[in-house]
Amino acid sequence: MPHRVNALPRPFFFFIFLLFLCGLAHGRFFFGNQSPPHDVAVISDGVYVGPHNSTAPHLALKLLNGSLSGEADGACEETYGFLPCTSSVLGNLFLILVYGYLMYLAATYLSNGSELLLEILGPGIVGGLFLPILGSLPDAILILVSGLSGSTETAQSQVSVGMGLLAGSTVLILTLIWGSCVVVGKCDIQNSFAIDNKDTKGFSLTGSGVSTDIWTSYAARIMVISVIPFIIVQLPQLLNSNLGKDIAVLVSLIVSVALFISYCLYQVFQPWIQRRRIAYAKHKHVISGILQHLKKQALGKLLRDDGEPNEEIIKKLFHVMDQDGDGSISYSELRAMIVGIRFDEIQLDRDDAVGKVMEEFDTSHDSRIDFQEFLDGISKWIHEAKRLGDDSSNNDPHTMKFLFDFHSRTKQEHDLLGAGGQSDEIIEGVENPKWTTFKAVLMLLVGTLIAAAFADPLIDVVDNFSSATSIPTFFISFVALPLATSCEAVSAIMFASRKKIRTASLTFSQLYGSATMNNVLCLSVFLALVYFRGLEWDFSAEVLVILIVCIVMGVFSSFRTVFPLWTSSIAFLLYPFSVALIYVLDYVYGWS
């Protein structure tokens, strides 16, 4: 996860002060033997420069109510009236780096502040609402600013920056960052699992890679669903019709907002869903452990020759468990049996396990298990184990290989759910929660203010750089801006380098979640701008790239939990493919 920022760095304040000073004076063209404009009253040394004193290289001051004549050629407009601007290539490149760093700083503050809130409030509301929203806030602000600038014509020309950022951020996350996480997080793959912190096979394309839990594959499927608004808004273009474009934008906006709300609610309730699934997986593992134990006690005679439960043997096992001989098994007797079974593979709450078994067997609800209830319960378990254990390879009831298969599958399901013990990423407690809360809120506030303050200057600089270099603004925003606003890049790679299934699962879930938020939150902002400002939707090539990358990576990740090293090549190749595809479609075939 990203490192925490405890205090605002001093260079940051110095840099803001320097930017402010830069806007107070401007270098202007010297007019030589020509008469100065009427609005130039003084020059730097107080000496009038006229036709007879044309060689003094002085710096003229600009009055507040006018501009020097001749500035129209190569002129630029200062954002907020004081931030520096330039029409040169190197100058704009420098300002892109400066403002890009500030946007990255804003994204970092938002990420760190939300992490501190997560420590205090837990994963439900914070993880489901604040983290996804705050993680996409810099992108959303940049998109919003790009469509609010000036007149409708100006907004239409600058809105391509917002679309470039939206497409570039999604593509970057799912290609270069995704592939890098596989490379740095690789471990040895054995029995379809990556072994934590074991990396001895080097760069083996098939023997080295990462494993994730089943929830990560669910996150990938949600990401695929989140592209539905892109398909809806493109329907008029697909049908080659100009009619209904506004309706398509409105419907897509409604669907996008609905998906955003649904995704947030899912994230809020996901911890509860996970606990239920994990508890059920542990219960099935308890079932397999008890059946294995009874098989040993019965000396392999738990089934008759026809494969059905052996009632006589089960009755003998019942009497062994009925220690007081009253014809029923009590809670304490059942607990004594379960305590004697070793469940080394999982962390098990034995009291909870006893309670669940008692609840399942005790159909009469008298807190005791008679023989018929015991027989029915064991028979039900055996049939379930045969169904899930795949006994087709060995039908010999004496070997009962299906019990071993059932045990292996329950253990695998337990691991896929991420139900292992608590890791070093879980924080035990928070010292001084009031100060931590104040610091978190301050970071969120500072991050939001920085993003809001420097979004407009960054958009203007990108537009100026595009004018100076003749490079389309879309490609500048597609390549450069996602690096500035996506703090997931460094944090995800650093987190994946811990080489554990749990950290890999959290890393890739974060990447899929970020792409999902781009597809619902950022797209909602973009569609709202297009609809309410009456802008033209003409981004067919960009939408196609987003669809291709999200669907390819989403479907690819939805049906597997192991990613060998060779899978990173798919992600890496998709990035240059995306850039080339947009160029060909837009600037060769003229789609947009």
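Side notes on the structure shown:
- Estimated at the nearest 10 Å², the accessible area of Ile189 is 30 Å² with a 1.4 Å probe.
- Computed from the Cβ-Cβ distance with R0 of 22 Å, the FRET efficiency linking Trp566 to Asp199 stands at 0.85.
- Burial ranking of peptide ranges 321-333, 168-180, 218-230 (average Cβ count within 10 Å, highest at the top): 168-180, 218-230, 321-333
- Ordering of 539-545, 364-370, 253-259 by packing is 539-545, 253-259, 364-370, highest average first (other Cβ atoms within 10 Å, averaged per residue).
- Accessible surface of His383 - all protein chains present, 1.4 Å probe, nearest 10 Å²: 80 Å²
- Solvent-accessible area of His293, all protein chains in place: 50 Å² (probe radius 1.4 Å, heavy atoms, ligands and nucleic acids excluded).
- Of Lys186/Lys284; Lys284/Lys380; Lys296/Lys401; Lys198/Lys401; Lys201/Lys500; Lys296/Lys316, pairs whose Cα-Cα distance is over 19 Å: Lys186/Lys284; Lys198/Lys401
- The length gained by stretching the chain between Ser87 and Lys380 to full extension, at 0.36 nm per residue less their Cα-Cα distance, is 97.6 nm.
- Per residue, the stretch 447-567 exposes 30 Å² of solvent-accessible protein surface, assessed with a 1.4 angstrom probe and all protein chains in place.
- Across the accessible surface of the stretch 170-302, with the other protein chains kept in place and a 1.4 Å probe, carbon and sulfur atoms take up 65 percent.
- Amide proton proximity set for Asp370, modelled H, under 5 Å, gap of 5+: Ile329
- Under-5 Å amide H pairs with Val210, H placed in peptide plane, nonlocal only: Cys187, Phe563
- Gain on full stretching of the segment that runs from Phe269 to Phe94 - 0.36 nm per residue minus C-alpha separation: 58.5 nm
- Largest accessible area first, the listed residues Phe318, Phe438 line up as Phe438, Phe318 when surface is computed with a 1.4 Å probe on the assembled protein chains.
The values are calculated or read from the model by the stated rules, or taken from the named source; none is laboratory data. No experiment lies behind these values; they were computed from the predicted model shown. Reconstructed Cβ throughout: ideal geometry from the backbone, glycine too, with neighbour counts over all protein chains shown. Heads up: the accessible areas ignore ligands, DNA and RNA and are worked out on the full protein's heavy atoms, side chains in. Shrake-Rupley method; radii C 1.70, N 1.55, O 1.52, S 1.80 Å.
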